[in-house]
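I have placed the structure first, in the form of structure tokens, so that the comments after it can refer back to it.
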Amino acid sequence: MTTLKEKLEEAKSFLNKYISQPPKIGVVLGSGLGKFAQTLEDAKVIPYTEIPHFASASVEGHSGKLFLGKVGEVEVICQQGRFHYYEGYEMEKVVFPARLMAFLGVKSVILTNAAGAIHPSLVPGDLMLIQDHINFMGTNPLIGRHEEFLGPRFPDMSQAYSLRLRRLAKEVAREQKLALREGVYLALTGPSYETPAEIRMFRLWGADAVGMSTVPSVIALNQMGVEVLGISCISNMAAGIVEKPLSHSEVMEMGAKVEKDFIGLLQALIPRI
Ligand code: HPA
């Protein structure tokens, strides 16, 4: 049986054919936010289907390509589309790309997603820095045999979202006169959206936004000692906060609306990391 380390080695040597300078920063683009990848300079684009041990992304709005390119002078590895637990992938598959970034030597990763607003002061179109998370997925990507090379068996999660990166993001947002909110992201498996009763409960727990991704990768990256920044694009008010039913097309449309601000923020932020 191929071990996780062997799988990572294989994917790494495949990507090394495309890499001249090792990437420093990783970016994961969530639903509706994929366009940032197209702004990378000197980009090489590799479909997930070609990369050893990558699953293929299937959700609408997730096209499933890896970009190796630059923002200014900084080498960036960027995932356009991610693997979700609700697609039926095992957690090892879900976090494989994040682990591969760390394995390639990436020191900081910016993870983005679309999320529903629980906090009443958040509105669709807001960008929210993730301050902390609540893992309500009912599982954890580190369950299973401990792989020493990944890092500690019991990783500390008391500053899972780097304070340094959050401060930097706020500074850049201020300079760009961009309102950047901050809050707690709660992750669940989906794919059904939440009920209004669940959302009321999550609000009592201290969650500000809700979504179906990001948290597994944040856990895997923290174990490997990588600095993480999380940005949620608020695509809708969560169930029951307004009367409208939720739909995936709404999520995609809002991504397109904030795209310009979002791209501007990342382009200014990355060279300063
Ligand atoms: N709930 C869960 N996931 C989501 C939502 C939501 O309201 N919006 C975007 N992703």
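The values are calculated or read from the model by the stated rules, or taken from the named source; none is laboratory data. What you are looking at is a predicted structure, and each value in this text was computed from that prediction instead of being measured. Neighbour counts are summed over all protein chains in view; Cβ atoms, including those assigned to glycine, are modelled from backbone coordinates with ideal geometry. The protein model used for the area step is the full one, side chains on, heavy atoms only, and it has no ligands, DNA or RNA in it. Shrake-Rupley method; radii C 1.70, N 1.55, O 1.52, S 1.80 Å.
Heavy-atom accessible surface of Met224, to the nearest 10 Å², is about 40 Å², with a 1.4 Å probe and all protein chains retained. Each of Pro97, Met157, Thr189 was placed along the dipole of region 74-211 (beta-carbon charges, centred on the mean Cα), and the one lying farthest toward the positive end is Met157. In this structure region 11-159 gives 43 Å² per residue of accessible area when probed at 1.4 Å with all protein chains present. I need the Debye-formula profile for the chain: one equal scatterer per C-alpha, no solvent, reported as log10 I(q)/I(0) at q = 0.07, 0.11 1/Å, two decimals. Ignoring solvent entirely, the Cα scatterers give -0.22, -0.56. What does the extension gain come out to for Ser121 and Phe136, with contour length at 0.36 nm per residue minus their alpha carbon separation? Between Ser121 and Phe136, full extension yields an extra 3.1 nm. Going down the list Lys12/Lys260; Lys7/Lys65; Lys70/Lys177; Lys12/Lys177; Lys70/Lys260, which pairs span over 28 Å between their C-alpha atoms? Distance filter (> 28 Å) returns Lys12/Lys260; Lys12/Lys177.
Is the shape of region 82-219 best called rounded, prolate or oblate, per the rule: a/c under 1.5 gives rounded, else a/b larger than b/c gives prolate, else oblate, with a ≥ b ≥ c the square roots of the Cα gyration tensor eigenvalues?
Numbers: a/c = 1.92, a/b = 1.20, b/c = 1.61.
Verdict is oblate for region 82-219.
Put a plus charge on the Cβ of each Lys and Arg, a minus charge on the Cβ of each Asp and Glu, and nothing anywhere else: the dipole of region 199-254 about its Cα centre is then about 200 debye.
Between Lys170 and Glu243, how high is the FRET efficiency from 1/(1 + (r/R0)^6) when r is the Cβ-Cβ distance and R₀ = 35 Å? Nearest 0.05. Once rounded, the FRET efficiency stands at 0.55. Against the criterion of solvent-accessible heavy-atom surface with a 1.4 angstrom probe, Tyr161, Tyr193 sort, most first, into Tyr193, Tyr161.
With every protein chain present, what is the per residue accessible area of region 179-273 (1.4 Å probe, Å²)? Each step should come with its number before you reach the end.
Details: 3850 Å² over 95 residues.
I get 41 Å² per residue for region 179-273.
The C-alpha atoms of the chain define a longest principal axis, and helix 163-175 lies at about 60 degrees to it. Here the gap between Leu163 and Met201, fully extended at 0.36 nm per residue and compared with their Cα-Cα distance, gives a gain of 10.9 nm.
Got a sec? What order do Thr112, Thr39 fall in by accessible area at 1.4 Å, biggest, i.e. largest, first?
Thr39, Thr112
Once the Cβ-Cβ distance of Lys107 and Ala256 is raised to the sixth power relative to R0 = 35 Å, the FRET efficiency obtained is 0.70.
Note on the chain: with charges restricted to the Cβ of Lys and Arg (+1) and Asp and Glu (-1), its dipole about the Cα centre is near 480 debye. Once the Cα-Cα distance is subtracted from the 0.36 nm per residue extended length, the Thr189 to Asp156 segment shows a gain of 9.6 nm. Of the residues Val74, Met212, Leu229, the one whose Cα sits farthest towards the positive end of the charge dipole of the chain is Val74 (charges of +1 on Lys and Arg Cβ, -1 on Asp and Glu Cβ, taken about the Cα centre). Under 21 Å of direct C-alpha separation, and excluding same-chain neighbours fewer than eight residues apart, Lys244 reaches these lysines: Lys257.
When the surface is traced with a 1.4 Å probe over the full set of protein chains, His53 keeps roughly 50 Å² accessible. Applying 1/(1 + (r/R0)^6) with r as the Cβ-Cβ distance of Tyr86 and Glu148 and R0 = 25 angstrom yields a FRET efficiency of 0.25. Here the chain has 51 percent of its accessible surface on carbon and sulfur atoms, given a 1.4 Å probe and all protein chains in place. Would you kindly state the longest site-free stretch of the chain, with sites defined as GluC sites (Glu not before Pro) in a DSSP loop (not H, G, I, E, B) surrounded by at most 15 other Cβ atoms within 10 Å? With GluC sites (Glu not before Pro) excluded where exposed in loops, the chain gives 148-242 as its longest stretch. Residues Lys5, Lys177, sorted by accessible area with the largest first, give Lys177, Lys5 [1.4 Å probe; ligands and nucleic acids excluded].
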